[in-house]
Amino acid sequence: MLRGRPWLAAAAMVFGALWLVPGALLPLVVGAAIDGGIAGGDTATLVWLAVLVLGIGVTQAVFGGAMDFLSAGMWMHGASTTQRLVSTHTTRLGASLREQASSGEVLAITSADIDKIGYGFEVIGRVVGSIVAFLTVGIVLLTYSPLLGGVALVGVPLAVAGIGPLIAPLQRKLDTQREELSAVNALGSDIVSGLRILRGIGGERQFLGRFRTASQRVRRAGVDVARSESWLTGAEVLLPGLVTVVITWLGARLAVAGTISVGELVAFYGASAFLVIPVSTTTESTGVWASAYVSARKACRLLSLRPLLAEPSEPVRLPEGPLEPHDAESGFTAVAGKLTVVDVGAGAEELASRLARFTDARRPVLLSGVPVERVALAELRERVVYAHNQDLWFSGVLADEVAPDVPGDVSVETALWAADADDVVAALPDGLAERIGERGREVSGGQRQRLSLARALATDADVLILDEPTSAVDAHTEARISERVATLRRGRTTVVFSQSPLWAAVADEVVTRCS
């Protein structure tokens, strides 16, 4: 992912170093001011070093602002790239996604996990700056006193290593929290999608209890994570603090013995206190990376999923004009260019899925003699459209929702007329410009079904498969729709799965049994 914006990552690392290194040198300048300016009585040196201290502060503020800007860019790059990859891949998976991942898992990745992955990128600049600043301070301290410099260079890494055992339990608890969060998201999504049904059967209280139970599991997992994080935070302060105490104690003894000056003692104390900053930054980033690792692993699992329907290695083009679907398993054939009504009961949905290749059949399914598994899926989806009466709506402008991706000979207005949805559009304040919310909740079930039928008719597909397209409308409306669809689709292959006699009345062929 860093390969996509290498200049951004490099700039964040450079400015992270430029942000912390001046702060690392500040205690040394103060120590020199004490020795040369105050103890030595050199006013000019004192003034010059005081100006240098001010310059260091301004420089650090400027570079710190630049680093924050670049770190925010790193966060946006990590989060947006993850979201784009996941969104593109889930779109490519299509109908295969539902069988391989829950809606709660996808929701958790695109809502919470992308933030954590972004934070994993955001701390890179500060971590690199911390490492550079630590090495700078350590090398400078070695030049003043090998003993104190050695204590700093050895003690601080040991302090960081001492924090390591706290990371594994934190990661395990983060895994548990992430699983519980996916479960509660999935439950919440199911409850929202079935809210009308729940109210109809009086099941709100039962599902409210289930949601509360799941929420409490998430809360308990969060408390466990917070407990581990509190131990980690305490260790971040305690262990580097012990190193600072040791350096200060040794420095004081060396100063009393006359081995180092008072200014050098102040410089050592300030430098050892400063070391807490890079150490705490590094340990903080360890926790951030642990969370990012858990989230990235979930995203990678989703990205590793592959469509259940394989693309043909050597695709075969379908012939032009009306197509004739044939299902060898049931013996069903829809004559090309005809309106065929199928009444086969419970097997209707399975047959429709095979004809449109949403599932692979045990025996061949042909389109005008061409096996469907040898047709590229993109061409198959364009030429053969399967419209289920429970298809979902995304939020968007109504005209854009009804219009197909590839415009055909059927206009949006004509499709709405054929679906008898003119009154639905007329009742909306902005007509076709009205913005319809997710799942089309602004309209009734029957209105939504007519709009869905209009959307299917607008594709002007060579083969249009409709599954109970008028199950939620009254008989008068169904009669108008069936007659108009028959007129609009004349000369193109249309398969309607319905038990209604009104559709049978306008059909060219009626199939009531498949062998």
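At a 10 angstrom cut-off on C-beta neighbours, averaged per residue, how do the peptides 395-404, 22-31 rank from highest to lowest?
On the way: 395-404: 17.7, 22-31: 21.7.
Listed from highest to lowest mean packing, they are 22-31, 395-404.
Whole Å is fine, so just give me how far the alpha carbon centre of the range 398-441 lies from that of the range 269-345.
When both Cα centres are located, 30 Å separates them.
From the phi angles alone, apply the Karplus equation (6.51, -1.76, 1.60; θ = phi - 60°) to the range 298-307 and give each ³J(HN,Hα) in whole Hz, x where the residue is Gly or Pro.
5, 5, 5, 4, 5, 5, 7, 5, 10, x
Could you go through the range 497-512 in sequence order and give the Karplus-derived ³J(HN,Hα) for each residue, using 6.51 cos²θ - 1.76 cosθ + 1.60 with θ = phi - 60°, rounded to whole Hz, and x for Gly and Pro?
8, 7, 9, 7, x, 5, 6, 4, 5, 9, 6, 6, 9, 10, 10, 10
I'd like the Karplus ³J(HN,Hα) series for the range 88-98: coefficients 6.51, -1.76, 1.60, θ = phi - 60°, whole numbers in Hz, and an x wherever there's a Gly or Pro.
Whole-Hz 3J(HN,Hα) from phi for the range 88-98: 5, 6, 5, 5, 5, 5, x, 5, 6, 5, 4.
In terms of modelled amide H atoms, which long-range or inter-chain residues lie less than 5 Å from the amide H of residue 316?
Residues meeting the criterion, in which the H sits 1.01 Å from N, are 375, 376.
Quick one: with all protein chains in place, what share of the accessible area of the chain is carbon or sulfur, to the nearest percent (1.4 Å probe)? Don't skip to the end; give the middle numbers.
Working: 15440 of 25330 Å².
The computed percentage sits at 61.
Counting pairs of alpha carbon atoms under 8 Å apart in space and at least six apart in sequence, what relative contact order in percent does the chain give?
Details: 754 pairs, mean separation 82.1, N = 515.
Computed value for the chain: 16 percent relative contact order.
Which residue, chosen from 216, 235, 263, occupies the Cα position most advanced towards the positive end of the dipole of the range 203-288, where the dipole is computed from +1 (Lys, Arg) and -1 (Asp, Glu) charges on Cβ about the Cα centre?
Positive-end residue among those listed: 216.
With a 1.4 Å probe and all protein chains left in place, how much accessible area per residue does the chain have, in Å²? All intermediate terms of the calculation are to be shown ahead of the outcome.
Details: 25330 Å² over 515 residues.
Per-residue value: 49 Å².
The values are calculated or read from the model by the stated rules, or taken from the named source; none is laboratory data. This is a predicted model, so every value here is computed, not measured. All Cβ positions, even for glycine, are placed from backbone atoms using ideal geometry, and neighbour counts span all protein chains on display. Accessible surface is based on the protein model in full, side chains and every heavy atom, while ligands, DNA and RNA are left aside. Shrake-Rupley method; radii C 1.70, N 1.55, O 1.52, S 1.80 Å.
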